[in-house]
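The values are calculated or read from the model by the stated rules, or taken from the named source; none is laboratory data. The shown structure was predicted, so the numbers you read here are calculated from the model rather than taken from an experiment. Positions of Cβ are generated from backbone atoms using ideal geometry, with glycine treated the same way; all protein chains shown enter the neighbour counts. Just the protein is used for accessible areas: all its heavy atoms, side chains included, with ligands, DNA and RNA removed. Shrake-Rupley method; radii C 1.70, N 1.55, O 1.52, S 1.80 Å.
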Amino acid sequence: MTFGEQPAYLRVAGDLRQKIVSGSLPPHTRLPSQARIREEYGVSDTVALEARKVLMAEGLVEGRSGSGTYVRERPVPRRISRSGYRPPVGANPFRQEQAADGTRGTWESSSEQEGASPEIAERLGIEPGGRVMRTRYVFRDAGEVTMLSTSWEPLEVTGRTPVMLPEEGPLGGCGVVERMAAIDIVVDNVAEQVGARPGLAEELLALGGVPGHVVMVVERTYYASGRAVETADVVVPADRFRIAYHLPVK
C-alpha cells in the first residue's frame, strides 16, 4: 500500500478510520489485530499499536478486557437548541430552549458559596476571591445526561436577596433574566463564546464518555447595563450533540 508523507501510524489510522466511517468496519466489529495490521500495511508493531491508540483517542473504537478492540456504535448527533429569545416570565432556560424540540428535560443542582477564582473574577468584573454563589447542574433527557453546567453569581449583587440561591425560593428554577428582574436588575445583554477541548475526567464520567473525547464548552455571561450578573460554563459532549442557535433578526 502506497501512502503519502504523513507519519506511518497516522496513515494507518486514517485508512482504518475511513473503513469505520464508510461501514466497511461496522459497529461492534472487532478491529484487525495488531499482527494483522502489521502484515496488511507493512508496518512495525509500534506503528500498529500507535494507530490503534489514535482511533481509541478519537472514540471510534473501544477496548474490551480479554477480548480485543471493537468499533464503537457511532451516535447520531442530536440538537441542543439555544436562543436569544427569553419570554418575560418562564422557567429555567434549559426547559425553555428544549421545549421547541419536545424534549422533557430534568436537572439536578447544588449551590454553595466560594471565593471567585481569578478567571471567574475577571469574567464577573470583581476582585479575585470575591464571594460568589456557585451552582452546578446536571441536565438529563429521558435519563441520559446531555450536558453539565456551572454558574457563578456575585453575592454583592444577589446576596441576602430572595434570589440568592438560583434553584430555591419563590423564583427557584427560573432563568437569570427573571430572577434578576425580581431584585430590580434589568438584564439587557448576554454574550456566549463556544469552544472545544478534551473533556476532563470527571466531566466524561458524568457524561458517559471515554478518555480523549472532546466536549464543547459554551462560556455564557449575562449583563445588566454593562455589569456582569452571572457567568456560566455549559459543557456538552461533542460526539452526541450539536449546538443550534436561533437568534432574533433586528
* To do: Give the number of residues within segment 135-166 that are more than 15 Å from residue 109 (Cβ to Cβ) and either within 17 Å of the chain's Cα centre (by Cα) or not in a loop (DSSP other than H, G, I, E, B) (or both).
  => 8
* Asked: Has segment 205-212 got any residue that is out of contact with any Ser or Thr (no Cβ under 7 Å at 6 or more places or on another chain), surrounded by fewer than 19 Cβ atoms within 10 Å (Cβ to Cβ) and modelled with pLDDT of 95 or more?
  -> no
* Would you tally the residues in segment 183-208 being touching a residue at least 40 places away in the same chain (Cβ under 8 Å), out of contact with any helix residue (DSSP H, G or I) (no Cβ under 6 Å at 6 or more places or on another chain) and under 23 Å from residue 134 (Cβ atoms)? => 7
* How about segment 21-57: which of its residues are buried (at least 17 other Cβ atoms within 10 Å of the Cβ) and in a loop (DSSP other than H, G, I, E, B)? -> 25, 31, 32, 43
* **Close pairs (8 angstrom Cβ cut-off, 6 or more residues apart or separate chains): on the phi < 0 side of the Ramachandran plot and open to solvent by less than 50 Å² (accessible area, probe 1.4 Å) in segment 116-138, of a type in the set (Val, Ile, Thr) and at pLDDT below 95 anywhere** => 138/145
* Answer from 226, 199, 143, 173 - the residue that is at pLDDT 95 or above, among the small types (Gly, Ala, Ser) and either surrounded by fewer than 18 Cβ atoms within 10 Å (Cβ to Cβ) or closer than 25 Å to residue 54 by Cα (or both) -> 226
* To do: Kindly establish whether residue 110 is surrounded by fewer than 19 Cβ atoms within 10 Å (Cβ to Cβ), modelled with pLDDT under 90 and either under 23 Å from residue 192 (Cβ atoms) or polar (S, T, N, Q) (or both).
  => no
* To do: Would you be able to tell me the number of residues in segment 117-134 that are closer than 20 Å to residue 191 by Cβ, part of a loop (DSSP other than H, G, I, E, B) and touching a strand residue (DSSP E or B) at 6+ places or on another chain (Cβ under 6 Å)?
  => 2
* Does residue 160 count as open to solvent by 50 Å² or more (accessible area, probe 1.4 Å), of a type in the set (Lys, Arg) and touching a Ser or Thr at 6+ places or on another chain (Cβ under 9 Å)? -> no
* To do: Report yes if residue 246 is farther than 20 Å from residue 106 by Cα and surrounded by fewer than 16 Cβ atoms within 10 Å (Cβ to Cβ), otherwise no.
  => yes
* Of all residues in segment 212-250, which are touching a residue at least 60 places away in the same chain (Cβ under 8 Å) and outside any strand (DSSP E or B)? -> 212, 213, 239, 240, 247, 248
